[in-house]
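Please read the structure below before turning to the comments.
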Amino acid sequence: MNKSPFNVGLPIELPEFNEQQVQDLAKRHGLNWIANEVAALMALVGGHPYLVRLGIYHISRQDVTLNQLVKSPATEAGIYSDHLRRHLWNLEKYSELMDAMREVVSGSQPVRLRSELGFKLNSMGLVKFNGNNCIPRCRLYEEYFRDRVG
């Protein structure tokens, strides 16, 4: 039931961007960021490749400033709203995953989940492992899901 006939081959996991890679991506978008601007975006989304790229894209188009993005990222009108809503809808389909995510974002300490639930939330990109425990993957996810499911 949890396996697809299309899952053949080696799984490839994309690593998080580091500061230098985020700086390079910003530069490619015409942004001359200094270290604290890179750090501000990374404090929000970590090195999540899609979230970093989306943020830099919208900032370079002047749809939003970095300051605006960092101050209110998890709003329904924000640039991440479609992405966040999609994850919320997926969680709403599976009450066990919703409950597990609620537990992760409700506390201030890493949470030990059942192995299956931790694996699924990690595979969705919503949490990362801290030893055998789970923490939100980034501040954006923590704020959004704490507000919506907490």
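Where a number appears in this text, it was derived from the coordinates with a stated rule and is not lab data. Keep in mind that this is a model prediction, so the values were computed, not measured. Heads up, the Cβs are rebuilt from the backbone with ideal geometry, glycines too, and the neighbour counts pull from every protein chain shown.
General observations
- Hits in the stretch 113-150 - residues which are among the aliphatic types (A, V, I, L, M), more than 14 Å from His87 (Cα to Cα) and not in a strand (DSSP E or B): Leu113, Leu117
- Scanning the stretch 122-146 for residues that are in contact (Cβ under 8 Å) with a residue 12 or more places away in the chain and among the polar types (S, T, N, Q) gives Asn122, Asn130, Asn132, Asn133.
- Tyr144 satisfies every condition listed in (1) surrounded by 12 or more Cβ atoms within 10 Å (Cβ to Cβ); (2) aromatic (Phe, Trp, Tyr); (3) over 19 Å from Gly46 (Cβ atoms) except (3).
- Helices (runs of 4 or more DSSP H) fully within the stretch 1-112 counting 1 or more residues that are touching a Phe, Trp or Tyr at 6+ places or on another chain (Cβ under 7 Å) and surrounded by 18 or more Cβ atoms within 10 Å (Cβ to Cβ): 19-28, 49-60, 81-93, 95-106
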